[in-house]
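Asks: Here it is, the structure, as structure tokens.
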Amino acid sequence: MDYISNPDRQEHLYAVFDTTVDERFWDYLAGENHKAFEQSGAKGECIEARELIIMLPPSLKEYDPDTLLRLFVMKFKTEYGLDCHAGLHHNKAETNYHIHLIYSERKPLEKPDVKIASRNMFYDETGKHRRTKKEILDAEGNIRPGCKIIPKGTHYDCKYFGPKAEQVGDPKFLDEVKHMYTDLINELVKDESERLSVFDRNGPYLATKKVGKNNPKADVIKADNEARMEWNRTVDEARVAGIPEDEIVAMRKELVSSEIQKSIKENGSKPELLGKIIKKAVATLAEKIKLFKAPKKKIPTFDFDEYNKMVDVNSRLQAVMAAIRKIDSKIEHKQELQKKYRGPQYQNFKVKLIKELGELLLQRRAKQDRLTEIVREAGYKDVSKFSKAFEKSCKLLEEYQAQAATMKKESVVKKLRANVEEAKLKPHTEKTLGMEDELKKKKDDDPR
């Protein structure tokens with residue numbers, strides 16, 4: 001807590017906020033957690049409180065920092081009833097605007113539970129309660145060092161907090177918090193490109209990992225992240241090419257998840273092997289894209305603005321895929337030339353080929369990135385979510401065109417809108433603590 005709120009320890013500290021009134025709150029909490037930890041006999045280190053690190057889009061810097069931080073902290077306190085202490089920071093390079101939010105897992109009792117000894121109480125060196133004085137005496141009848149007696153009528157214990165809140169022990173808790181803050185951030189940002197989404201672990205993509213400051217495994221993590229991103233870019237290609245999402249998910253589980261489990265079982269925990277596993281999976285998926293022949297279907301027409309926007313997005317994606325295929329054709333041609341001209345007399349030509357191949361690969365990477373940019377600019381979470389929504393919408397319209405006599409246009413429009421909304425990055429419709437107005441004001445009172 002001192003680290004995140006001490007201006008001498010932070011390069012750019014903009015605001016600090018605490019929901020508690022009693023400055024002894026966190027000391028009492030730490031004491032009770034240590035006591036419970038010791039009594040449980042657990043190994044390791046005692047958890048005094050938990051921490052969330054919340055990344056904020058750069059544009060949120062335009063809001064008053066005190067009010068912005070108070071909004072995020074009180075959102076958590078209001079939702080879960082747990083007290084918090086938080087700091088709003090920039091890193092040294094001012095490239096990472098973020099909040100450190102420390103929260104208590106326990107709620108304070110309305111009244112402290114004070115325990116008074118009804119008789120003399122005896123404790124041994126380990127702090128364990130003993131029934132009789134004899135159990136804490138040595139052979140000479142003296143009290144052993146470290147043992148103690150609490151006389152009758154003495155206050156021997158005071159409990160300020162209840163048990164840990166049930167929700168924090170629920171495996172879904174952190175995921176719920178992520179969604180809560182993602183929706184809050186999406187309501188605050190003005191630019192569609194800054195909107196966020198919570199990663200779907202059951203989807204076709206692979207999550208990247210944050211490289212922490214002074215992490216000794218930073219190089220390994222960066223290499224793994226690059227491999228994961230290459231898989232994700234290839235997934236985008238596969239979805240635009242028409243490969244169903246469930247097939248890609250099955251490939252991810254078979255080629256990545258299962259292979260990782262197999263590697264751990266055979267070789268132990270060796271993170272450096274992950275990149276090789278993912279690269280092999282990428283090659284397999286790329287080959288599937290190359291061989292995949294999507295059935296040619298006429299895209300249905302419908303007088304609905306949102307659907308026509310989807311048609312336009314799909315057309316732009318297909319145009320980028322066509323450009324990628326042309327680049328692939330050039331890459332294959334260059335690679336064939338490399339195999340054909342191997343002698344030392346072709347050294348200059350081979351150097352030229354390598355340079356041209358490098359340029360083509362960079363062009364291909366840029367086109368892959370463009371697939372994501374197109375759907376994000378249109379407000380969708382990712383390429384796969386857009387493709388799924390578009391596929392469902394096309395199927396729905398095909399049914400409507402075949403059964404126009406029995407299907408109402410209004411119901412079709414409603415279903416189309418639902419498909420779009422499911423795939424888009426959408427903010428909550430509910431305003432939180434009067435955000436828009438509140439954030440533009442300076443803090444003029446203490447809300448605690």
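Asks: Counting only residues 5 or more places away or on other chains, whose amide H sits under 5 Å from the amide H of L56 once H atoms are built in the peptide plane?
Replies: Result for L56 returns Y97, H98, I99.
Asks: Which one of S118, T132, Y97 is farthest out on the positive end of the charge dipole of the range 87-134, using unit charges on Cβ (Lys, Arg +1; Asp, Glu -1) and the Cα centre as origin?
Replies: The residue sitting most towards the positive pole is T132.
Asks: Calculate, in whole percent, how much of the Cα-Cα pair population of the range 283-353 lies beyond 14 Å.
Replies: 76 percent
Asks: Which residues' amide hydrogens lie under 5 Å from the amide hydrogen of H12, considering only partners 5 or more residues apart or on another chain, with H built in the peptide plane?
Replies: Those qualifying (amide H under 5 Å, at least 5 residues apart or on another chain) are H90.
Asks: Then there's this: Evaluate 2.2 N^0.38 Å with N set to the residue count of the range 65-129, then give the Cα radius of gyration divided by it.
Replies: Compactness ratio reported: 1.90.
Asks: Continuing with this model, one more query. Using a probe radius of 1.4 Å on heavy atoms only, what accessible surface per residue do you get for the range 1-129? Whole Å² is fine.
Replies: Normalised by residue count, the accessible surface of the range 1-129 is 55 Å².
Asks: Given Cβ point charges of +1 (Lys, Arg) and -1 (Asp, Glu) and nothing else, what value in debye, to the nearest 20, does the dipole of the range 47-113 about its Cα centre take?
Replies: So the magnitude is around 60 debye.
Asks: Can you give me the convex hull volume of the Cα atoms of the range 175-251, divided per residue and expressed in Å³?
Replies: 138 Å³
Asks: Calculate the FRET efficiency for V114 and K164 from the Cβ-Cβ distance with a Förster distance of 25 Å, rounded to the nearest 0.05.
Replies: Once rounded, the FRET efficiency stands at 0.75.
Asks: How would the range 1-153 be classified by its alpha-carbon gyration tensor: rounded, prolate or oblate, with rounded meaning a/c under 1.5 and the a/b versus b/c comparison settling the rest?
Replies: Verdict is prolate for the range 1-153.
Asks: For the chain, what % of the accessible area comes from carbon and sulfur atoms, probe 1.4 Å?
Replies: 51 percent
Asks: Counting other Cβ atoms within 10 Å, keep those with at most 16, restrict to DSSP loop, and tell me which GluC sites (Glu not before Pro) in the range 358-432 are left.
Replies: E430
Asks: So, taking all protein chains as they sit and a 1.4 Å probe, how much accessible area belongs to M1, in Å² rounded to tens?
Replies: Around 80 Å² of this residue is reachable by solvent.
Asks: Here's another thing I want to ask about it. Please work out the C-alpha center-to-center distance from the range 354-377 to the range 211-285 and express it in whole Å.
Replies: The distance from the Cα centre of the range 354-377 to that of the range 211-285 comes to 20 Å.
Asks: If I model a spin label at Y346 and V413 as a point 7 Å from the Cα along the Cα→Cβ vector, what separation in nanometres do I get?
Replies: Between Y346 and V413, the simple spin-label model gives 6.3 nm.
Asks: Still on this structure: Subtracting the Cα-Cα distance from 0.36 nm times the residue separation, let me have the gained length for E94 to D175 in nm, one decimal.
Replies: Gain on stretching E94 to D175: 26.4 nm.
Asks: Follow-up. Using a 7 Å offset from the Cα along the Cα-to-Cβ direction at both K276 and R201, what is the distance between the two label points in nm, to one decimal?
Replies: Here the answer is 2.7 nm between the modelled labels.
Asks: Also: So what is the relative contact order for the range 72-211, in percent, with contacts set as C-alpha pairs under 8 Å and at least six apart?
Replies: It comes to 18 percent, rounded to a whole number.
Asks: Something else now. What do you get when you divide the Cα radius of gyration of the chain by 2.2 N^0.38 Å, with N the number of residues?
Replies: Against the empirical 2.2 N^0.38 Å value, I get 1.34 for the chain.
Asks: Turning to a different aspect of this structure: Calculate the FRET efficiency for K330 and H34 from the Cβ-Cβ distance with a Förster distance of 56 Å, rounded to the nearest 0.05.
Replies: Plugging the Cβ-Cβ distance into 1/(1 + (r/R0)^6) gives 0.30.
Asks: Would you work out the relative contact order for the chain, in percent, from Cα pairs under 8 angstrom that are 6 or more residues apart?
Replies: 15 percent
Asks: Less than 20 Å apart at the alpha-carbon level, and either on another chain or at least 8 residues along: which lysines does that give for K270?
Replies: Once the sequence-local lysines are set aside, what remains near K270 is K209, K210, K217, K222, K253, K262, K279, K280.
Asks: Now, a different point. Could you run the Karplus curve 6.51 cos²θ - 1.76 cosθ + 1.60 with θ = phi - 60° over the range 260-276 and give me ³J(HN,Hα) per residue in whole Hz, x for Gly and Pro?
Replies: Computed from phi, the couplings for the range 260-276 are 5, 4, 5, 5, 4, 5, 8, 10, x, 7, 10, x, 5, 7, 4, x, 5 Hz.
Asks: Residue by residue through the range 351-367, which ³J(HN,Hα) values in whole Hz follow from phi under the Karplus form 6.51 cos²θ - 1.76 cosθ + 1.60 (θ = phi - 60°), with glycine and proline marked x?
Replies: Using θ = phi - 60°, the values come out as 4, 5, 4, 4, 5, 5, 4, x, 5, 5, 5, 5, 4, 5, 4, 5, 5 Hz.
Asks: Test of understanding: express the Cα radius of gyration of the range 101-241 as a ratio to 2.2 N^0.38 Å, with N the residue count.
Replies: 1.94
Asks: Related question: P(r) tail for the range 296-428, what percent of Cα pairs lie past 20 Å?
Replies: The proportion of pairs with Cα distances above 20 Å equals 59 percent.
Asks: Return one number: the angle in degrees, 0 to 90 and rounded to the nearest 10, between the long axis of the Cα atoms of helix 173-188 and the longest principal axis of the Cα atoms of the chain.
Replies: Between the helix axis and the principal axis of the chain, the angle is about 60 degrees.
Asks: At 222 nm, what helix-only mean residue ellipticity would the chain give, in deg cm²/dmol to the nearest 500, using -39500 (n - 2.57) for each DSSP H run of four or more?
Replies: So the helix-based figure for the chain works out to -16500 deg cm²/dmol.
Asks: Around E391, under 12 Å between beta carbons, what's the net of Lys plus Arg minus Asp minus Glu among the other residues?
Replies: Combined, the nearby Lys, Arg, Asp and Glu give +3.
Asks: With 22 Å as the limit, write out which pairs from K35/K148; K178/K276; K293/K414; K395/K424 have Cα-Cα distances beyond it, or answer none.
Replies: Exceeds cut-off: K178/K276; K293/K414.
Asks: So if I take the alpha carbon set of the range 368-409, get Rg, then get Rh from the Kirkwood formula, what is the Rg over Rh ratio?
Replies: 1.20
Asks: While we're here: Helix 218-241 versus the longest principal axis of the chain: what angle, 0 to 90°, nearest 10, using Cα atoms?
Replies: Around 50 degrees separate the two axes.
Asks: Shifting gears a bit: In the range 159-209, what is the volume of the convex hull around the alpha carbon atoms, normalised per residue and reported in Å³?
Replies: 132 Å³
Asks: I would also like to ask the following. Tilt of helix 25-40 relative to the longest C-alpha principal axis of the chain, in degrees (0 to 90, nearest 10)?
Replies: 90 degrees
Asks: With the crude spin-label approximation of a point 7 Å out along Cα→Cβ, what separation in nm comes out for D157 versus S258?
Replies: If labels sit at D157 and S258, their model points lie 5.3 nm apart.
Asks: Mind giving me the FRET efficiency for A319 and D27? R0 is 56 Å, r the Cβ-Cβ distance, nearest 0.05 is fine.
Replies: Efficiency, from the Cβ-Cβ distance: 0.35.
Asks: Please give the residues of the range 268-308, grouped as numeric ranges, whose backbone N is less than 15 Å from a label point set 7 Å along the Cα-to-Cβ vector of A404.
Replies: Correct set: 300-304.
The values are calculated or read from the model by the stated rules, or taken from the named source; none is laboratory data. Note that the structure is predicted; figures quoted are calculated from it, not measured. A quick note on method: Cβ atoms are made from the backbone with ideal geometry, for glycine too, and the neighbour counts reach across all protein chains shown. Note: areas computed on protein heavy atoms with side chains; ligands, DNA, RNA excluded. Shrake-Rupley method; radii C 1.70, N 1.55, O 1.52, S 1.80 Å.
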